[in-house]
1. For the stretch 156-171, what are the residues that are over 18 Å from residue 98 (Cα atoms) and either among the aliphatic types (A, V, I, L, M) or touching a residue at least 40 places away in the same chain (Cβ under 8 Å) (or both)?
2. Tally the residues that are modelled with pLDDT of 95 or more, surrounded by fewer than 17 Cβ atoms within 10 Å (Cβ to Cβ) and in a loop (DSSP other than H, G, I, E, B), restricting the search to the stretch 60-106.
3. How many residues are out of contact with any Lys or Arg (no Cβ under 6 Å at 6 or more places or on another chain), over 14 Å from residue 21 (Cα atoms) and not in a strand (DSSP E or B) if we restrict to the stretch 44-59?
4. Criterion first (β-branched (Val, Ile, Thr), buried (at least 17 other Cβ atoms within 10 Å of the Cβ), in contact (Cβ under 8 Å) with a residue 24 or more places away in the chain and in contact with a helix residue (DSSP H, G or I) (Cβ under 7 Å, 6 or more places away or on another chain)) does residue 110 satisfy it?
5. With the requirement that a residue be assigned to a helix (DSSP H, G or I), under 12 Å from residue 183 (Cβ atoms) and not basic (Lys, Arg), what does the stretch 107-119 give you?
6. For residue 34, which of the numbered conditions (1) closer than 22 Å to residue 165 by Cβ; (2) surrounded by fewer than 16 Cβ atoms within 10 Å (Cβ to Cβ); (3) in contact (Cβ under 8 Å) with a residue 24 or more places away in the chain fails to hold?
7. Look at residue 124 and say whether it is surrounded by 13 or more Cβ atoms within 10 Å (Cβ to Cβ) and among the basic types (Lys, Arg).
8. Would you confirm whether or not the stretch 163-183 contains a residue that is small (Gly, Ala, Ser), more than 30 Å from residue 111 (Cα to Cα) and exposed (fewer than 11 other Cβ atoms within 10 Å of the Cβ)?
Amino acid sequence: MSAIRLLVLGAVRQHGRAHGYQVRNDLEYWGAHEWSNAKPGSIYHALKQMAKQGLLFAHEVAPSTAGGPPRVEYELTPRGGDEYFQLLREAVSAHDEKTDVLSAGIGFIVDLPRREAVELLEKRLAGLAEWRKAVTDHYVPEEGPGQYGHIGEIMNMWLHSADAGADWTRGLIERIKGGAYVFAGEGDPFFGVLPEDEENPYATDYVHPDDMR
């Protein structure tokens, strides 16, 4: 899975309707341009592609006073909403996705009901346990990586990664079970976006031609 689709759909959904610069500004505010492929060009490309695919409505609004074409605002279609939640559930529950996908999933996890979030994380935990067992079927941790020469360090790394991932996931599950955060149906969740008139301290200098009007 590519994190960009989930990130863009989630950012648009938080606004209801959003133009490309708003989506880009949110993702940069979240630092997604540092830990994922959510670079400005990728964001605008994803918006246009998902509009073509029927996942986003593209509304032309506010014609430019300079005589240029109108700015485009995007809104999730029903299909786009279904796609968003499918990607979100996969990102939270999968044990073998890249860190950027998991990060995107955690960023939007409160859009799910609390119980479902826990169930998906428990599925991730089970996947990590199966992965760890698959490694230890061939590699004996007690004997150390030297049993396979330096190649054993790869399996040693996998085990450490599985153990660290499981430990973090168990901690998150316990925090959610303990009442942390506001999930779907519980009230107003944390809304991590900047007001329109507030400067983004993490913004890049790139300006897309569609927003230069």
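The values are calculated or read from the model by the stated rules, or taken from the named source; none is laboratory data. None of the values given here were measured: they were computed from a predicted structure. Because the Cβ atoms are built from the backbone with ideal geometry, glycine has one as well, and the counts that use them run over all protein chains shown.
1. To start, the set of residues in the stretch 156-171 that are over 18 Å from residue 98 (Cα atoms) comprises 156, 170-171.
Listed by number, the list holds a single entry, 170.
2. The number of residues fulfilling the criteria is 1.
3. Looking only at that region, the number is 5.
4. In short, no.
5. Of the residues in the stretch 107-119, the ones assigned to a helix (DSSP H, G or I) are 107, 109-111, 114-119.
Within this subset, residues satisfying the condition of being under 12 Å from residue 183 (Cβ atoms) are 109-111, 114-118.
The answer is 109, 110, 111, 116, 117, 118.
6. The one condition residue 34 does not meet is (3).
7. Yes, satisfied.
8. Residues of the stretch 163-183 that are small (Gly, Ala, Ser), as a first pass: 164-166, 171, 178-180.
The next check asks that each one be more than 30 Å from residue 111 (Cα to Cα); those that pass are none.
No: the stretch 163-183 contains no residue that is small (Gly, Ala, Ser), more than 30 Å from residue 111 (Cα to Cα) and exposed (fewer than 11 other Cβ atoms within 10 Å of the Cβ).
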